[in-house]
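Engineer: So that we are looking at the same thing, I have put the structure below in structure tokens.
Where a number appears in this text, it was derived from the coordinates with a stated rule and is not lab data. Keep in mind the model is a prediction, meaning the values are calculated, not measured. Positions of Cβ are generated from backbone atoms using ideal geometry, with glycine treated the same way; all protein chains shown enter the neighbour counts.
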């Protein structure tokens with residue numbers, strides 16, 4: 001087993017990668033040069049070991065990425081508690097999660113081990129369970145790009161009474177029954193080939209796009225064996241995009257309008273992926289090994305969580321992007337974050353990961 005550097009601890013490694021994320025460093029040499037340019041302030045930032053390009057490269061190659069995954073899980077739990085009573089989305093259930101994945105594209109010349117046959121390039125896949133209130137990551141994992149999305153339903157944490165909003169790529173009745181069996185709810189977009197029999201129909205308000213609200217039973221022997229209970233089927237017409245949408249859920253209590261709105265908020269996880277790719281460093285990498293890639297992606301998630309925690313804990317009015325921009329140029333200041341941000345006037349608000357321009361596309 002490779003030895004760990006005594007002069008460059010896991011905490012120093014984590015700080016260096018978070019510093020790179022928050023200040024937009026381009027390379028290992030860039031990180032080390034910037035940190036060593038202010039040696040007297042390194043202790044103020046939390047560094048206790050010797051920072052060198054060799055130490056950082058060795059740590060990226062050999063230090064287990066699960067250390068940073070564990071830190072991210074701690075930050076997820078802390079952020080979840082802070083945003084649990086977030087005033088946004090009051091009409092939606094308090095515990096609602098959106099599950100999706102995003103491809104992280106890599107250079108095939110630099111990362112031949114990550115070959116992705118579908119695009120004939122290199123890639124990794126980030127799976128994310130996002131708490132809809134506050135757009136806070138609740139669970140994540142990084143896999144090979146060929147890993148099927150629906151398999152992630154076997155791994156996500158299940159909370160009784162919570163809602164899991166997922167796309168039709170996750171439509172697997174055996175796995176959905178696992179959610180139902182553990183007293184969780186799901187909202188999933190149906191596929192055309194699903195065969196069913198209508199047990200009961202309820203009246204709907206056609207003026208808001210609803211077309212039907214039914215209780216159904218699956219007809220396919222394989223599907224019925226995988227999911228024996230009744231399901232609720234809601235069909236609506238999206239006038240903006242001229243699309244018919246059909247949702248399946250095991251919740252029979254919420255109004256059909258709320259079910260549709262829940263699925264619209266699924267787009268929050270797509271916006272989260274877009275935000276971190278635009279504002280954090282997960283498009284170019286500081287190492288070429290699978291371990292280095294995972295270390296960098298996990299510290300990107302940690303950096304996002306740290307900014308989100310600071311925003312909520314200190315009651316900051318600035319957007320996440322504004323806080324990130326200010327931190328990037330004031331990282332060496334020996335002042336409290338609230339003091340630094342108080343000196344900066346609020347500009348035109350930039351979009352948060354949870355915000356959309358038009359009622360979110362399906």
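Engineer: If you average the alpha carbon positions of the range 12-70 and of the range 104-178, how far apart do those two centres end up, in angstrom?
Structural biologist: With the range 12-70 and the range 104-178 each reduced to a Cα centre, they are spaced 28 Å.
Engineer: Quote the Stokes-Einstein diffusion coefficient, in whole µm² s⁻¹, for the chain, based on the Kirkwood radius over alpha carbon pairs, a temperature of 10 °C and a viscosity of 1.306 mPa s.
Structural biologist: Values: Rh = 22.4 Å.
After rounding, the answer is 71 µm²/s.
Engineer: Using 0.36 nm times the number of residues separating residue 277 and residue 54, minus their current alpha carbon distance, what extension gain do you get? Could the numbers behind the result be given before it?
Structural biologist: On the way: separation 223, 0.36 × 223 = 80.28 nm, distance 2.71 nm.
This chain segment gains 77.6 nm when fully extended.
Engineer: A further question on this structure: Using a 7 Å offset from the Cα along the Cα-to-Cβ direction at both residue 121 and residue 335, what is the distance between the two label points in nm, to one decimal?
Structural biologist: 4.2 nm
Engineer: Provide the packing ranking of 200-208, 82-90, 150-158, i.e. peptides ordered by the mean count of other C-beta atoms within 10 Å per residue, highest first. Don't jump to the answer; show the numbers that get you there.
Structural biologist: On the way: 200-208: 11.3, 82-90: 13.0, 150-158: 15.1.
Result, highest mean first: 150-158, 82-90, 200-208.
Engineer: Also: For the pair residue 310/residue 191, report the inter-label distance in nm, with labels modelled 7 Å from Cα in the Cβ direction.
Structural biologist: Computed distance between label sites residue 310 and residue 191 equals 4.5 nm.
Engineer: Compute the acute angle (0 to 90°) between the alpha-carbon long axis of helix 290-313 and the principal axis of greatest extent of the alpha-carbon atoms of the chain; round to the nearest 10°.
Structural biologist: With rounding to tens, the tilt is 80 degrees.
Engineer: How much of the pair distance distribution for the range 59-216 lies past 18 Å, counting alpha-carbon pairs only, in percent?
Structural biologist: The proportion of pairs with Cα distances above 18 Å equals 70 percent.
Engineer: Same structure, new question: Provide the FRET efficiency to the nearest 0.05 for the residue 84-residue 328 pair, computing r from the beta carbons and using R0 = 22 Å.
Structural biologist: That gives a FRET efficiency of 0.15.
Engineer: First check a/c for the range 219-258, with a ≥ b ≥ c the square roots of the eigenvalues of its C-alpha gyration tensor; if it is under 1.5, answer rounded, and if not, answer prolate when a/b is larger than b/c or oblate otherwise.
Structural biologist: Oblate, because a/c is 1.5 or more while a/b does not exceed b/c.
Engineer: How long are the semi-axes of the ellipsoid equivalent to the range 170-307, from square roots of 5 times the Cα gyration tensor eigenvalues, in whole Å, largest first? Mind showing how you got there, number by number?
Structural biologist: Numbers: eigenvalues 271, 80, 34 Å².
Equivalent ellipsoid of the range 170-307: 37, 20, 13 Å, largest first.
Engineer: Please determine, in degrees from 0 to 90 and to the nearest 10, the orientation of helix 10-23 with respect to the longest principal axis defined by the Cα atoms of the chain, where the helix direction is its Cα long axis.
Structural biologist: With both axes taken from Cα atoms, the answer is about 80 degrees.
Engineer: Going 7 Å from the Cα of residue 41 in the Cα-to-Cβ direction, what parts of the range 11-26 have a backbone nitrogen less than 18 Å from that spot?
Structural biologist: Residues 15-26 fall inside that zone.
Engineer: Taking a label point 7 Å from the Cα of residue 143 along the Cα→Cβ vector, which residues of the range 107-125 have an amide N closer than 15 Å to it?
Structural biologist: 124-125
Engineer: Continuing with the same structure: Relative contact order of the range 1-113: what whole-number percent is it, with Cα pairs under 8 angstrom and at least 6 residues apart?
Structural biologist: Relative contact order of the range 1-113: 29 percent.
Engineer: Calculate the spin-label point distance for residue 154 paired with residue 211, positioning each point 7 Å from the Cα along the beta-carbon direction, and give it in nanometres.
Structural biologist: According to this spin-label approximation, the distance is 3.5 nm.
Engineer: Also: Could you work out how much longer the chain between residue 198 and residue 289 gets when fully extended? Use 0.36 nm per residue separation minus the Cα distance between them, nm to one decimal.
Structural biologist: Stretched out fully, the residue 198 to residue 289 stretch lengthens by 27.5 nm.
Engineer: Among 258, 187, which comes first, then next, by fewest other beta-carbon atoms within 10 Å?
Structural biologist: 258, 187
Engineer: Rounding to the nearest 10 and keeping the result within 0 to 90°, find how far the Cα-based axis of helix 320-330 lies from the longest principal axis of the chain.
Structural biologist: 0 degrees
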